[in-house]
Amino acid sequence: MKKLALFGALALSVLSMSAFADEKPLKIGIEAAYPPFASKAPDGSIVGFDYDIGNALCAEMKAKCTWVEQPFDGLIPALKVRKIDAILSSMSITEERKQSVDFTNKYYNTPARLVMKQGATVSANMAELKGKVIGVQRGSIHERYATEVLAPLGVEVKPYSSQNEIYLDVAAGRLDGTLADATLLQDGFLNTDAGKGYAFVGPAFTDPKYFGDGIGIAVRKGDSANAERLNAAIAAIRANGTYKKIQDKYFNFDIYGQ
């Protein structure tokens, strides 16, 4: 009987620890300066597609989640030192990043584009960009592409800490254009007053070497538990209609992609 009581106590202890572990909040890192995916409302709260998707995933997993704001180029370092447990901030799944973090399946996929003055011509070989100054977000896949592909063509690549800063300098004429996610550029700049007179130019950029296999949620290397439960939640909200409701709030097309 004493042994049974001991085993019972141990079982209860294990269950209690499991319950406590389940109550530990999942800390999600996000950069809130990337509309329409994440930005600040006038009251200071975070709004956007990424934020809504993250909250829907947490609800599906029945997990307590807390959001941690961080500049984009500080998100992976914050993940590594356990300041956060996951990154849900429009981060492309690339081979280079896979060396540092693990990813879930994608939760959306859109191409990169160039925005310049309306009427500018950029052909497939992009020779017309020689001597132009192009702004990119520091730490992004767009910075890497611009540095490795555009700079050798004679482009001056200028990194910024946020895309919003880039828009200001494009509108002020201090930049000839910017390279970023097409949806971000459409909603965050072209559809605004500041973006009047500007347009997409040149080809859509989809090279997996630079632009990866869609946008995923990053977790620490080897954190299969969080990756698996996030993958299950992504599949669930896709199946039950929650994903489409959130998508339709921000976009009039299927952002999930092929």
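Restricting attention to the stretch 37-82, the residues being β-branched (Val, Ile, Thr), outside any strand (DSSP E or B) and open to solvent by 20 Å² or more (accessible area, probe 1.4 Å) number 2.
Cβ-Cβ contacts under 8 Å between residues 6 or more apart (or on different chains), taken from a first residue in the stretch 40-67 that is closer than 10 Å to LEU26 by Cβ to a second residue that is modelled with pLDDT under 95 and of a type outside the set (D, E, K, R), are listed as ALA63/PRO25; LYS64/PRO25; CYS65/PRO25; THR66/PRO25. Taken over the stretch 136-155, residues that are over 15 Å from TYR34 (Cβ atoms) and touching a Leu at 6+ places or on another chain (Cβ under 9 Å) amount to 6. Within the stretch 166-205, the residues that satisfy the criterion of being crowded, with 22+ Cβ neighbours inside 10 Å and β-branched (Val, Ile, Thr) are ILE166, VAL170, THR178.
Would you check which residues across the stretch 148-158 are assigned to a loop (DSSP other than H, G, I, E, B) and either at negative phi or open to solvent by less than 20 Å² (accessible area, probe 1.4 Å) (or both) and list them?
Filtering the stretch 148-158 for residues assigned to a loop (DSSP other than H, G, I, E, B) gives 154-155.
Across the stretch 148-158, the qualifying residue is only VAL155.
The values are calculated or read from the model by the stated rules, or taken from the named source; none is laboratory data. In this text the structure is predicted, and so the values were computed from the model without any measurement. We place every Cβ from the backbone using ideal geometry, glycine too, and count neighbours over all the protein chains shown. Just so you know, the surface numbers come from the protein's heavy atoms only, side chains and all, with ligands and any DNA or RNA stripped out. Shrake-Rupley method; radii C 1.70, N 1.55, O 1.52, S 1.80 Å.
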